[in-house]
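Notes for the one structure printed next.
The values are calculated or read from the model by the stated rules, or taken from the named source; none is laboratory data. Keep in mind that what you see is a predicted model, and the values were worked out from it rather than measured. Using ideal geometry, Cβ is built from the backbone for each residue, glycine included, and neighbour counts are taken over all protein chains shown.
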Amino acid sequence: IVDRIASSSTPRVPFSVEFYPPRDEAAEARLWRAASVFSELGAAFVSVTYGAGGSTRDRTVRVVEKVVSETDLVPIAHLTAVGHTIAELREMIQMYADVGVTNILALRGDPPGDPLGDWTPHPEGLHYAEELVRLIHEVGDFHVGVASFPEGHYRARDLDHDTEILLNKLRAGAEYSITQMFWDVEHYLRLRDRLAVADPEQAAKPIIPGLMPVTSLRQVRRMVELSGCALPDGLSDRLRAAAGDGPEEDRAAVREVGIEFATELCERLIGEGVPCLHFNTLNFSRATHEVLANLSMVPSPGVGATRA
Ligand code: FAD
């Protein structure tokens, strides 16, 4: 992934996208349409999520296998430790190797059902992502990434503790991190500063910002609730004003504000020299495509040219 980012030919900065494993045929068709668009646009990689406790295990494997065999995209397969024994995790890592995956994002995961609920590790499993990074390296020849949290993980004691946890994951052999979504550039910059002060060597590893153009107020409220990241007042006010007072939010107006705001955020991040822009797409291509086109990185959707 570090090499992919370094050799990307997208103008200005590389970009990448996150998919989740689809549940039905319609969602599956949408995913592969989006994959085809992002392949044309030159995405540096696609990451594929893994449902808590292995709930999407087979679907995640199927999606990454198809990405490897049928597209020219490079996948990162997510893996979470929660609910699995160490033996099951070894088996899962081997399964990834068998389908040609060489990049894994090592995560601890959240308790299934209620992500904010009590955390009880599996008696024969792992406690933290740091241990999973080591296990993946033990099982095979993989490139490993981890999660980072610009606003701090919601279970971390404080930001210094959160920084130390991330550094431990990087020292255990992770080559980069992908951040939790955020909408205020200051959170990203402060995370980068904390790492640089605490351990300049590890801080040199790419911190890839996780982004999401807001297309629905209801949806983003749910995301904020689940992830513990905050919407800045400025964005919240703009989105609420766009949504209007009616019983149904004005989706077109909310989407316009969401894309405009994401474009502004990306401009600032590019100005700050980020290594890559990573978009949570929810398996849709259009909003991300519009943001990338606004940034003059790719042609606008609907314009004939393909790779920029
Ligand atoms: P860890 O780094 O292990 O941290 C978990 C908690 O334990 C933190 O509060 C940390 O402070 C604490 N901790 C860690 N190590 C120690 C230690 N040694 N001593 C004391 N405390 C410690 N979830 C999914 O289910 N599937 C996905 O595909 C998925 N993809 C994600 C992708 C990204 C980019 C991000 C940012 C998150 C993703 N998540 C996913 C959510 C993630 O699993 C949760 O946020 C989870 O709560 C934390 O995972 P982690 O890997 O950061 O855990």
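Exactly one residue among L292, L235 is of a type outside the set (D, E) and modelled with pLDDT under 95, and that residue is L235. For region 22-29, the count of residues that are within 12 Å of the ligand (Cβ to nearest atom) and part of a loop (DSSP other than H, G, I, E, B) is zero. Looking only at residues in region 4-18 that are closer than 14 Å to M297 by Cβ and under 14 Å from the mean Cα position of the chain (by Cα), the one that is surrounded by the most Cβ atoms within 10 Å (Cβ to Cβ) is F15.
Out of V274, V254, I need the residue that is surrounded by 19 or more Cβ atoms within 10 Å (Cβ to Cβ) and more than 17 Å from the chain's Cα centre (by Cα). Which one? Among V274, V254, only V254 is surrounded by 19 or more Cβ atoms within 10 Å (Cβ to Cβ) and more than 17 Å from the chain's Cα centre (by Cα).
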